[in-house]
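What follows is a single structure, written as structure tokens, with notes after it.
Only the coordinates and a few stated rules stand behind these numbers; no lab work does. Nothing here was measured: the structure is a model prediction, and the numbers come from that model. Cβ coordinates were reconstructed from backbone atoms using ideal geometry, including for glycine residues, and neighbour counts include every protein chain displayed.
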Amino acid sequence: MAAAITDWLDGYIARRMRLCSAFGALLDPVADKLMVAATLVLLCSRPLNIAVFGQVPWLLNVPSIAIIGREITMSAVREWAASQNGKLLAAVAVNKLGKWKTATQMAALTILLATRDSSLGETGILVASGVIFLYLSAGLSVMSLIVYMEKIRKVL
């Protein structure tokens, strides 16, 4: 959660004070994607134990594949768009859907990481809410990829 808050604060301050640089614009999304992918891989390395179902090894893998796959695809698409023309680059600019995707990802990852701490006691409802946020985030990831691809199709 601290990483998500400081990332948001850094972006907010940079935009507010107009301190944006090409290097920062390149590095910030890479750092975000690395943080999310590494956390998803770590969460998938140990299956969730849900009282009703027992251990469910695939529960986090499915949305994690969708999220990481979308991030890799969008990185490639944005790189390609940058090499083409301004209209294509504008078509893949960050939008509100992407902001919601990121917010639900950060909420899910924070909750799921927190529930791995055994000192919290019973975490059933927290785990369930983390999984719901993760699936919501995966859905938003796929939806935003479709939206971006449709915008690119219209430009081409």
Candidates Met17, Met106, Met74; GNM for the chain (alpha-carbon contacts under 10 Å) flags as most fluctuating Met17
If the chain between Ala128 and Val56 were fully extended at 0.36 nm per residue, the gain over the current Cα-Cα distance would be 24.7 nm
proj_area_mean for region 29-155 (convex hull on C-alpha atoms), units nm², value 7.9 nm²
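Order these by the 10 Å Cβ neighbour count, fewest first: Glu122, Glu71, Glu150.
Lowest to highest Cβ neighbour count: Glu122, Glu150, Glu71.
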